[in-house]
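Everything on this sheet refers to the single structure shown next.
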Amino acid sequence: MVKDIHNYAENQLNDFLDYLAIPSVSAENKGIKEASDWLVKKFEQLGAKKSEKWEKKGQNPFVYAEFEGRSSKTVLFYNHYDVQPAQPLNEWQTEPFKPTFVDGKLVARGASDDKGELMARLVMVKWFQENGGLPVNLKFFVEGEEEIGSLHVDEAVKEHAEELEADACIWEGGGKNSVNRFEVISGMKGIVSFDIEAVTADIDMHSSLACFAPNAAWRLIQGLATLKDKNGRVTVEGFYDDVDELTSVEKAAVEQMDFDEEKVKRTFGLKREFITDKPAYAFVNEPTMTINGLTSGYEGEGVKTVLPKYAKAKLDCRLVPKQNPEKIVRLVEAHLRKNGFADLKVTFNLGENAFRSDSSHAFVQLAMNTAKKVYGDDQVKYVPNAAGGGPIECFGNVLKLPIILVGVHNAASGAHAPNEHILVSDFVQGVEYLIELLQKF
């Protein structure tokens, strides 16, 4: 049967490439209708008893589908159909929205994050429908705003909680790590995004006036510099108060994680050492504070000797369970006031709570045992939570579901980057894994 599934999955991949060709870039409000229409139609073609859009004015539609299986068990899948912009275009070796096979890779924007993973799930559904029917009921919740913060997921989940009832949830975003081992992940960090702005005058001035006039750029970076110490530790009072220690099981999982420090440094071309001597622990249970971008003054070509009136920084913090996004922003505001920077304006943009499933839950254990069967006993690792974030908390705490993250990408797939791709072999193996998991469930 395994060989048949492998051949089937590889052959079927070509029938879903038109999904990757849709430039559904939520940040640019492009391709949203086309991608959501494609999904509704595809779910219908695959035999869904319900396939529809949940739409509200000012929101990208959610696509919801239901399939009837042979048992009372129900699995809910989460995915998203929006993708990142393709820029910088000059760094792509193929057209980003023209899916292309290159040396065993499928290259396209969204191949890894996250269209390729949904395609594997659709191929799995098609295989079951052609081989005796689905062993369990399936529900699909596919959003179109993940790349811009999943702004309306909590609202949709609470509003449609009855329709979304299930026994377990399979999230997107898993795959193989830097040493090619398959990971079963049972949670995600949270996130808060916010801006900090400095205004020091009504107009930009000639830089000769810097002998007496304040500079917004300097004011901003001096304030930013108070947020972390030279060792990378966040200095905001109360920032770590809600961070719990990992359980003994979670600590053991961290200790056996694959984290090849030298390979990570080579992969990203890091020019300096890590800011922690425990990178695997930090990956799982260390909150962060990151400057995402800085804007001020003249940023064009050539010289313009200007003294800027305005400066802005965009920041995010990756959070662990129990940390609250709004509280973190309030703590940053209080820190700046306390340190003499009350004039800096802090603006909350968005926030998502972290969530971590119980590692001892039967579904998590089933996912691990199935992975070992498909990928090999020594080729599977359990990870308590991913370093990235997503709208996962409401699925865990509102719908009360155990959640695993499994997928078909690998550590070098280049999500959000030029030449994003998945390996065809990983796609095929991922389809086999889903088929085995649902049969066992």
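The values are calculated or read from the model by the stated rules, or taken from the named source; none is laboratory data. Computed from a predicted model, the values in this text were never measured in an experiment. All Cβ positions, even for glycine, are placed from backbone atoms using ideal geometry, and neighbour counts span all protein chains on display. Keep in mind that these areas ignore ligands, DNA and RNA; they rest on the heavy atoms of the full protein, side chains included. Shrake-Rupley method; radii C 1.70, N 1.55, O 1.52, S 1.80 Å.
Here the Gaussian network model covers the chain, with springs between Cα atoms less than 10 Å apart; of Arg337, Arg318, Arg109, Arg337 fluctuates the most. Centre-to-centre separation between the Cα atoms of segment 242-309 and those of segment 375-411: 21 Å. To the nearest 10 square angstrom, what accessible area does His335 show with a 1.4 Å probe? Counting only protein heavy atoms, the figure is 20 Å².
Give the shape of segment 83-126 as rounded, prolate or oblate, defined through the alpha-carbon gyration tensor: a ≥ b ≥ c are the square roots of its eigenvalues, a/c under 1.5 means rounded, and otherwise the shape is prolate if a/b is larger than b/c and oblate if not. Each step should come with its number before you reach the end.
Values: a/c = 3.40, a/b = 1.73, b/c = 1.97.
Oblate, because a/c is 1.5 or more while a/b does not exceed b/c.
Note on segment 400-441: the C-alpha convex hull projects to 4.1 nm² when averaged across all orientations. Relative contact order, whole percent, for the chain stands at 26, derived from Cα pairs under 8 Å and 6 or more residues apart.
Would you please give the FRET efficiency between Lys345 and Gln129, computed as 1/(1 + (r/R0)^6) with r the Cβ-Cβ distance and R0 = 60 Å, to the nearest 0.05?
Numbers: r = 55 Å, r/R0 = 0.92.
Between Lys345 and Gln129 the formula returns 0.65.
Of the accessible area of the chain, with the probe set at 1.4 angstrom, what percent is carbon plus sulfur? Looking at the chain in its full context, I get 49 percent from C and S. Inter-label distance, Asp377 to Glu155: 5.2 nm, where each label sits 7 Å from its Cα along the C-beta direction.
Summing charges over all other residues whose Cβ lies under 13 Å from the Cβ of Lys56, with Lys and Arg as +1 and Asp and Glu as -1, gives -3. The label point for Glu163 and the one for Glu91, both projected 7 Å from the Cα toward the Cβ, are 3.9 nm apart.
Let me check I've understood the local charge: for Cys394, count other residues with C-beta under 13 angstrom from its C-beta, Lys and Arg +1, Asp and Glu -1. What total comes out? Mind showing how you got there, number by number?
Values: positive: Lys158, Lys400; negative: Glu143, Asp154, Glu155, Glu159, Glu352, Glu393.
Net local charge, Cys394 excluded: -4.
The Cα center of segment 211-227 and the Cα center of segment 54-132 differ in position by 45 Å.
So what is the calculated 222 nm ellipticity per residue for the chain, using -39500 (n - 2.57) for each DSSP H run with n of 4 or more, over all residues, to the nearest 500 deg cm²/dmol?
Values: 13 runs with 135 residues, N = 441.
Computed mean residue ellipticity for the chain: -9000 deg cm²/dmol.
Which net charge results for the neighbourhood of Cys317, defined as the other residues with beta-carbon distances under 15 angstrom from its beta-carbon, given Lys and Arg at +1 and Asp and Glu at -1? Once all neighbours under 15 Å are counted, the net charge is -1.
Only Cα pairs under 8 Å and at least 6 apart count here; give the relative contact order of segment 42-129 as a rounded whole percent.
Numbers: 74 pairs, mean separation 19.4, N = 88.
RCO, segment 42-129: 22 percent.
Counted over the chain, the DSSP beta bridges are approximately 70% antiparallel.
How much accessible area per residue does segment 340-415 have, counting only protein heavy atoms and a probe of 1.4 Å, in square angstrom?
Numbers: 2780 Å² over 76 residues.
Result: 37 Å² per residue.
For the chain, the equivalent ellipsoid derived from the Cα gyration tensor has semi-axes of 40, 24, 22 Å, listed largest first.
Using a 1.4 angstrom probe, figure out how much accessible area segment 1-101 has per residue, in square angstrom, rounded to the nearest whole.
On the way: 5240 Å² over 101 residues.
Result: 52 Å² per residue.
Rounded to the nearest 0.05, the FRET efficiency derived from the C-beta distance between Ile203 and Glu299 at R0 = 22 Å is 0.80.
Please compute the per residue accessible area over segment 128-217 with all protein chains in place, 1.4 Å probe, rounded to a whole number of Å². The partial results should precede the final answer.
Details: 3360 Å² over 90 residues.
I get 37 Å² per residue for this part.
Quick one: length gained pulling Asn7 to Thr290 fully straight, 0.36 nm per residue minus the C-alpha distance?
Numbers: separation 283, 0.36 × 283 = 101.88 nm, distance 4.42 nm.
Between Asn7 and Thr290, full extension yields 97.5 nm more.
Can you classify segment 1-122 as rounded, prolate or oblate using the Cα gyration tensor, where a ≥ b ≥ c are the square roots of its eigenvalues, rounded means a/c under 1.5, and otherwise it's prolate if a/b beats b/c and oblate if not? Oblate, since a/c reaches 1.5 and b/c is not below a/b.
Distance between the modelled labels on Val249 and Lys41, one decimal in nanometres: 4.6 nm (7 Å Cα→Cβ projection).
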